[in-house]
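A.B. asks: Could you have a look at this structure, given as structure tokens, before my questions?
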Amino acid sequence: MTTTTICTARATTPSLAPMRATRNATTSVARRGVVAVRRASSIRGGTTKKISISAFAPRQPPSSARAAAASNSNSHSSSTAPDDADDDAEPSQYVGEGPMTEEEAMEHDILERIRSGELQPEDFGLTEEDVAPPRSPLAGGGGAFLRVVTFSLAVWLHATAPLGGRWGVVQGGPGDATTTFVSAALLGTPLQWFGVAFVVAAVTSSALCSYLSKQESYQPVREEGPRGHLTGAKSTTPTLGGLAFVPAGCVTAMAFTTFADPVVVATCLTTLGFLSIGAFDDVQKLLSKNNARGLSPYAKLGLQSAVATSFVAWLSSGVAAPPPSTAVALGPWMGAWSVVDLGSLFWALSAFAMVSESNAVNITDGLDGLAAATAAIALVGTGIALVASGQSELAAFSISLGGAAAGFLVVNRHPADMFMGDAGSLALGGALGAVAAAAGGAATLPLVVTTAVFIAETVSVIAQVSWFKWTKKKTGQGERLLRMAPLHHHLELGGWGELKVVATLTACAGACAVLGVGVAGVL
């Protein structure tokens, strides 16, 4: 009879080897240590043998490596590896309370063969869920990344507008006996907008992740992408996460603005329009189990353009709210060109920016947590700039959606339990463009600065394709500027770990957001 026992052992944090071919595949496994041990029966040659499947054991090292690891572990009060281990050092292959035995190494090899598809879990009395590595929501480098991003944004927002204030307009000058304060239909503070959206998005994303995992609604992996993505955990990760966190951000924004601001409501509806386009594309890919079987590029571009055009047409009409200024501020350093009134051209530019930002975030969404973190930072930075310019209702939308994107990191940070899909990425980019359009020309330059990471990712794709076509036309043999486009895959194939790429680009996004707020202040 097959039995299953579960035990808990102390997790280690072994250092990782500079073996680039296996590093990404083993990092998430090696960092957790043994969490569960499952036993199943296997029939071999007519005899029954108990096999203990160690869910988190890395492959057994050479005897010299085991001896070095044993010496290292004896110098500490416990068998865990030091937290500050050098990533370039020889890898410690310890997990739990000691090195793997010969039997444990064999069991781990069996587990690896099951995960690679060479063996079937049913042959050992296991299910797919049994061999899937369980994880803590805040464990490992991905958990630290989530905490750093969330805490940094929360501190920035609290510094912008501390708790306890009220929104409104002071009518009358200093010393005027008739001075009055007119309250605005806006509740909470930036930190509360962010916090509520974060919690709601984290809860809804976790619930949707659990449901889609049971339905095996896995993201079809792009065949021309990095090879490690085809065989790793990404091929069994559910998608459509945007359906959970984007509505959470929109509902939070409308609740804090008491559903009274027509611009916020229209911006939310526009964001949901982009969400619908992406969701339809994701569903088509899921049904066909092929990443290339979604909406055609022309169909997607046409639908995005229709949503963007409808929004800017409504803004320019002034039906429910005065249209924003069409004067684009370029800064005092431009002399006579410091402010340029584009007139009707501004609306065409705004629609183009919405579609461009939507696709730029979609391009950036290629690594765990990258699009969610960078979009959260860009939205929060844009919101802070809007608070400073007096457009607080629109800021509530931007910051709420940024909080929702940060909340999605609970299931999307490395290693991801869920992807946002086109549903999330198209909506986030469309929202950034919509906010800039609704804010008027003064927000155009700050938007470019704040979203510089998305622009760089898009430019890397354009440059790669253009250079390849040009060199093929000239020499008959196409050449590539990058190892692979977009930029994040170029860095990944250069030997950077996935989390390092994400953390680096997120830090760049943070610097761009701070600079964008500074530019908005100058304008």
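A.B. asks: Using packing as a proxy for protection, rank 261-268, 380-387 so that the peptide with the highest average count of other Cβ atoms within 10 Å comes first.
C.D. replies: By packing density, highest mean first, the sequence is 380-387, 261-268.
A.B. asks: Quick one: Cα centre-to-centre distance for the stretch 248-270 and the stretch 454-497, in angstrom?
C.D. replies: Here the answer is 39 Å between Cα centres.
A.B. asks: A further question follows. Where does each of 246-253, 362-369 land if you order them by average Cβ count within 10 Å, highest first?
C.D. replies: 246-253, 362-369
A.B. asks: Taking N as the number of residues in the stretch 400-520, what value does Rg over Cα atoms divided by 2.2 N^0.38 Å take?
C.D. replies: Ratio of Rg to 2.2 N^0.38 Å for the stretch 400-520: 1.24.
A.B. asks: At 0.36 nm per residue, and after removing the present C-alpha to C-alpha distance, how many nm does the segment from Arg293 to Val155 gain when stretched out fully?
C.D. replies: 45.4 nm
A.B. asks: While we're on this one: Over all directions, the average projected area of the alpha-carbon convex hull for the stretch 259-319 comes to how many nm²?
C.D. replies: 4.7 nm²
A.B. asks: Run the quick spin-label model on Ile462 and Ala144: label points 7 Å from Cα toward the beta carbon, then report their separation in nm to one decimal.
C.D. replies: So the two model labels end up 3.7 nm from each other.
A.B. asks: Residues with amide H under 5 Å of Val339's amide H, sequence separation 5 or more or different chain, H placed in the peptide plane at 1.01 Å from N; which?
C.D. replies: Leu330
A short reminder: the numbers here are calculations on the coordinates, not readings from a lab. The model shown is predicted, which means the values in this text are computed figures rather than measured ones. Methodologically, a virtual Cβ is constructed for each residue, glycine included, from the backbone with ideal geometry; neighbour enumeration extends over all protein chains shown.
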